[in-house]
Amino acid sequence: MLPNDKHIEIASTFLPAYELGADWYDALQIGDIIFFLIADVCDKGIPSALFMSVFRSLVRFAFEDEYEEHGAEKIEKVLLNTISRVNNYIANTHSHSAMFATMFMAAYSPKEDHIHYVSAGHEKIIIIKSSHINSILDTTGPIAGIFPDAIYSVEQASFQPGDILFGYSDGLVDARYPGGKAWGFKMLKDSLLDIDPKTTSADQVMNQILEKVERHRDGAERFDDLTLLVIKSL
C-alpha cells in the first residue's frame, strides 16, 4: 500500500502487456522521508516478472537498512548505497541471466523544497512546475544489474508545493497505433505543458495522459507494460 501523507498526493497505475508484468512502482515512508520508485525490468512475461519481485525486495530492504544506518541527514548516501547494492547484487549473483532494470528512485522530505534522486537508465522523468516551466530529469547512471561497481550520482531537483512529478515506463511513449507510429516523448512533453498543476490533482494528470495515449493507440495491441507514478507536492 502506498503511504498517505498530508504533504503529497500519489496516483499510480500498471497496465501489463501480458498476464504478468515486469514494471513496478513503489513508495514507502521511513521517518519523515518518503521514498518512491518506478522501474522496468527488461523483456516481458514470467521470467521478467520473477526478477521484478527480486529487484523490488532488494530495493525495499536496502532503503530501510541504509536509512537505519545513515538517517535523513545523509539521504544522498542512502540513495547512492541503495542503487549500488541492488546493482551489484544482480550483476554479481545473476550475471548469467543478463537481466537488468531501469529505475528512477527518489527521496522527498516535506521540510525541503526539492527531491534527491537517482535515475539508473530510466526514461526522462518530468516535473510539472507551477510556473509552467517543466523540468526534465535525465539519467544519473547506467541500467541496474549488468555492470558490477557501476558509478551512479545523486542529483537534486526543485519540488515545491503545487509541483507534480510525472514518472512512467517506456510502455507509455512507445505505445503505437495500428499503423505502427509511437506516441513519443514529444507528445508526452507537449501534453504535460497544457496542465496547470495548481488546479489539477495527481489522479487527473494520470487520467488525462492515459486518455490521450489510449486515443493514439486506437485499439492496437499493447506490446509493452505501461506504468505511471504521479506525485503532487501539497
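The values are calculated or read from the model by the stated rules, or taken from the named source; none is laboratory data. Owing to the predicted nature of the structure, the values given are computational and were not obtained by experimental measurement. When we count neighbours, we look across all protein chains shown, and the Cβ atoms used for this are built from the backbone with ideal geometry, even at glycine. Quick note on the areas: whole protein, heavy atoms, side chains included, nothing else; ligands and nucleic acids left out. Shrake-Rupley method; radii C 1.70, N 1.55, O 1.52, S 1.80 Å.
Structure summary
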| quantity | calculated |
| --- | --- |
| Residue selected from the range 86-108 under the condition closer than 19 Å to T139 by Cβ, more than 14 Å from the chain's Cα centre (by Cα) and not hydrophobic (A, V, I, L, M, F, W, C), by the criterion least open to solvent (accessible area, probe 1.4 Å) | N87 |
| Single residue of the range 13-43 satisfying the filter (assigned to a loop (DSSP other than H, G, I, E, B) and of a type in the set (A, V, I, L, M)) that is surrounded by the most Cβ atoms within 10 Å (Cβ to Cβ) | A22 |
| Test: residue in the range 106-114 that is at pLDDT 95 or above and within 24 Å of V213 (Cβ to Cβ) | yes |
| Residue list for the range 136-172, filter: surrounded by fewer than 15 Cβ atoms within 10 Å (Cβ to Cβ) and part of a strand (DSSP E or B) | I136, Q156, S158 |
| Residue that is most open to solvent (accessible area, probe 1.4 Å), among those in the range 115-134 that are at pLDDT below 95 and not β-branched (V, I, T) | H132 |
| Selection count where residues are out of contact with any Pro (no Cβ under 9 Å at 6 or more places or on another chain) and open to solvent by 40 Å² or more (accessible area, probe 1.4 Å), scope the range 1-12 | 4 |
| Flag for T93 being without any contact (Cβ under 8 Å) to a residue 40 or more places away in the chain, within 27 Å of I164 (Cα to Cα) and not aliphatic (A, V, I, L, M) | no |
| Test: residue in the range 58-70 that is at positive phi and either open to solvent by less than 60 Å² (accessible area, probe 1.4 Å) or touching a helix residue (DSSP H, G or I) at 6+ places or on another chain (Cβ under 9 Å) (or both) | no |
| Near pairs, Cβ below 9 angstrom, 6+ apart or cross-chain, from the range 3-26 (more than 24 Å from V173 (Cβ to Cβ)) to any residue that is open to solvent by less than 40 Å² (accessible area, probe 1.4 Å) and of a type in the set (D, E) | none |
| Some residue of the range 193-216 being under 26 Å from F55 (Cα atoms), at pLDDT 95 or above and among the acidic types (D, E) | no |
| Cβ-Cβ under 9 Å pairs, at least 6 apart or on other chains, the range 139-165 side under 15 Å from M103 (Cβ atoms), far side of a type in the set (G, A, S) and open to solvent by 50 Å² or more (accessible area, probe 1.4 Å) | G145/S95; G145/A98; I146/S95; I146/A98 |
| Failed condition for A220, given (1) over 20 Å from S12 (Cβ atoms); (2) open to solvent by 60 Å² or more (accessible area, probe 1.4 Å); (3) out of contact with any Asp or Glu (no Cβ under 6 Å at 6 or more places or on another chain); (4) not charged (D, E, K, R) | (2) |
| Selection count where residues are open to solvent by 10 Å² or more (accessible area, probe 1.4 Å) and over 26 Å from Y18 (Cβ atoms), scope the range 223-234 | 2 |
| Pair list, Cβ < 8 Å and 6+ apart or interchain, from the range 40-63 residues that are free of Cβ contacts under 8 Å to residues at least 60 places away in the same chain and more than 19 Å from D224 (Cβ to Cβ) to residues that are open to solvent by 60 Å² or more (accessible area, probe 1.4 Å) and not in a loop (DSSP other than H, G, I, E, B) | L58/R85; L58/Y89; A62/R85 |
| Residue count for the range 173-208, restricted to those that are part of a helix (DSSP H, G or I) and open to solvent by less than 30 Å² (accessible area, probe 1.4 Å) | 7 |
